[in-house]
Amino acid sequence: VLGAAMKSDPAGNVIEMDLTEKPVGNGDLVTIAGYPHLQKLWLTKTGITDAGLADLQSLRQLRVLGLARTGITDAGLKHLATIKSLREVWIYPTRVSDGAVDELKTALPGVRVIY
């Protein structure tokens, strides 16, 4: 998928997708959201912005999300707050404020935000 390095579980479900430095944009997140068993998703150094993150809300098993060096802002973190399975979010360096990170941590107790 989109040139991603992928890992699957014994049942053949894709559980990890690494798209670091791939030409991925917001429209591609609709395709990625079609992998409901996804647990780790790396989108570091891609063209992802706030608008695309809404498409990830259906990933109910997503635990780790890498968004370092993307175009996300505080608005994008609001979309992530509905993904209750999230445990780690990597967002350095982006234009996300401390306040938005605090809001995400309130919405997702126990989430670790690396920024």
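Quick grid of which residues meet (1) outside any strand (DSSP E or B); (2) aliphatic (A, V, I, L, M):
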| residue | (1), (2) |
| --- | --- |
| GLY3 | yes, no |
| LYS7 | no, no |
| ALA11 | yes, yes |
| PRO23 | yes, no |
| THR31 | yes, no |
Sole miss for ASN26 among (1) farther than 18 Å from LYS7 by Cβ; (2) exposed (fewer than 15 other Cβ atoms within 10 Å of the Cβ) is condition (2)
Among LEU77, LEU104, LEU62, LEU56, the single one that is aliphatic (A, V, I, L, M), in contact (Cβ under 8 Å) with a residue 24 or more places away in the chain and either in contact with a Gly (Cβ under 7 Å, 6 or more places away or on another chain) or not in a helix (DSSP H, G or I) (or both) is LEU62
Given (1) of a type in the set (Gly, Ala, Ser); (2) modelled with pLDDT of 95 or more; (3) open to solvent by 10 Å² or more (accessible area, probe 1.4 Å); (4) closer than 19 Å to VAL96 by Cα, GLY66 misses just (3)
If you go through THR49, THR44, THR31, the only one that is open to solvent by 20 Å² or more (accessible area, probe 1.4 Å) and in contact (Cβ under 8 Å) with a residue 40 or more places away in the chain is THR44
| said: Going residue by residue through the range 92-99, is there one that turns out to be modelled with pLDDT of 95 or more, out of contact with any Lys or Arg (no Cβ under 6 Å at 6 or more places or on another chain), among the hydroxyl-bearing types (Ser, Thr, Tyr) and open to solvent by 70 Å² or more (accessible area, probe 1.4 Å)? | reply: no
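The values are calculated or read from the model by the stated rules, or taken from the named source; none is laboratory data. All figures in this text were calculated on a predicted structure; none of them were measured in a lab. Neighbour counts run over all protein chains shown; Cβ positions are idealised from the backbone, glycine included. Protein only, heavy atoms only, side chains kept; ligands, DNA and RNA dropped before computing areas. Shrake-Rupley method; radii C 1.70, N 1.55, O 1.52, S 1.80 Å.
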